[in-house]
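What follows is a short report on a single structure.
The values are calculated or read from the model by the stated rules, or taken from the named source; none is laboratory data. All figures in this text were calculated on a predicted structure; none of them were measured in a lab. Backbone-built Cβ (ideal geometry, glycine too); neighbour counts: all protein chains shown.
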């Protein structure tokens, strides 16, 4: 049986998602502690869900990539990766960063050049 407040919680979550573009569920709010602390969860929730930047430059994308390369364990890393996913055409930008071709260690600029040069196969 649902508690009397569950409808209010669902409404509040739906309003939050509509305002922020996120797709959180009640479980996300109740179970965040399993994977991160409250501060990290709040930071994630406060950031745009899909950070598309229409006029982002190659140098800015390289800087975001450099931040990931410099500290892949950073709590900001998932957000930086989301920025890249939203702003480059390559469907697997994370693979270019975390699993480069064997024996290579590309720079942030080389990763971005490859990501920006990607063209989807027309169907």
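Listed values, structure above:
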read-out: Residues that are surrounded by fewer than 12 Cβ atoms within 10 Å (Cβ to Cβ) and either in contact with a helix residue (DSSP H, G or I) (Cβ under 6 Å, 6 or more places away or on another chain) or in a helix (DSSP H, G or I) (or both), drawn from the range 99-123; value: 117
read-out: Long-range neighbours under 6 Å by Cβ, at least six apart or interchain, first residue under 25 Å from residue 45 (Cβ atoms) within the range 78-98, second outside any helix (DSSP H, G or I); value: 79/47; 83/51; 86/50; 86/51; 86/52; 87/53; 87/56
read-out: Residues of the range 44-80 satisfying the condition of being within 15 Å of residue 94 (Cβ to Cβ) and out of contact with any helix residue (DSSP H, G or I) (no Cβ under 8 Å at 6 or more places or on another chain); value: 73
read-out: Count of the range 8-26 residues which are surrounded by fewer than 10 Cβ atoms within 10 Å (Cβ to Cβ) and part of a helix (DSSP H, G or I); value: 2
read-out: Any hit, the range 86-94, residues being assigned by TED's automatic domain parsing to the domain that holds residue 107, part of a loop (DSSP other than H, G, I, E, B) and either over 22 Å from residue 110 (Cβ atoms) or in contact with a helix residue (DSSP H, G or I) (Cβ under 6 Å, 6 or more places away or on another chain) (or both); value: yes
